[in-house]
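A.B. asks: One structure coming up, written as structure tokens, with questions to follow.
Please treat every number below as a calculation from the coordinates, not as lab data. Nothing here was measured: the structure is a model prediction, and the numbers come from that model.
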Ligand SMILES: [Zn+2]
Ligand SMILES: [Zn+2]
């Protein structure tokens, strides 16, 4: 917490030059700044790099970098946020986890809270729900953007009826959970199928064929 106190002190020193303001305005400014710094610290703790922290909290780049360095003992690693969905599309598990993150995000949108709070809460809940998180904070933060950018859409799964995320241009009709399930289970009777069968993946078991 010393690191947070240091950053907070330097920010409040800066605000002395702002001039005379009403006491209440200064009070709410200070509270806003304190909230931003606490949110930023939590995001760094969850694995966020300075760029993401800056984007989510609205902190200045310099402050975000300084906070990161003080909390982690090293500068924030370079590297950009993902720009495409290629990494997600590489596996059904990743798409399944993206859908989990999306559902949590959607449930919390009408709370009207800010971007930092949303991201912290969604990611903390996601880590509680899954045994092994597959998405790091950067990828989890990118999931709602892919929907906003109309790269992905929500569509209902023809097997389980649940809504899931899929690229707009794809024509698949089952969710990643059902896709994973049907690798080992017959689509007709739900019985086991030989997953080690070579060639094209089997859709039904020997009895239903
Ligand atoms: Zn499904
Ligand atoms: Zn069957």
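A.B. asks: Could you tell me which of rounded, prolate or oblate describes segment 86-181, using a ≥ b ≥ c as the square roots of the eigenvalues of the alpha-carbon gyration tensor, with rounded for a/c under 1.5 and, failing that, prolate when a/b is larger than b/c and oblate otherwise?
C.D. replies: prolate
A.B. asks: Could you give the angle, 0 to 90 degrees to the nearest 10, between helix 61-72's Cα long axis and the longest principal axis of the Cα atoms of the chain?
C.D. replies: 70 degrees
A.B. asks: Another question, then. On average over all directions, what projected area in square nanometres does the chain have, based on the convex hull of its Cα atoms? Don't skip to the end; give the middle numbers.
C.D. replies: Values: hull surface 61.5 nm².
So the mean shadow area of the Cα hull is 15.4 nm².
A.B. asks: Report, to the nearest 10°, how far helix 137-148 tilts away from the longest principal axis of the Cα atoms in the chain, using its own Cα long axis and a range of 0 to 90°.
C.D. replies: That works out to roughly 70 degrees.
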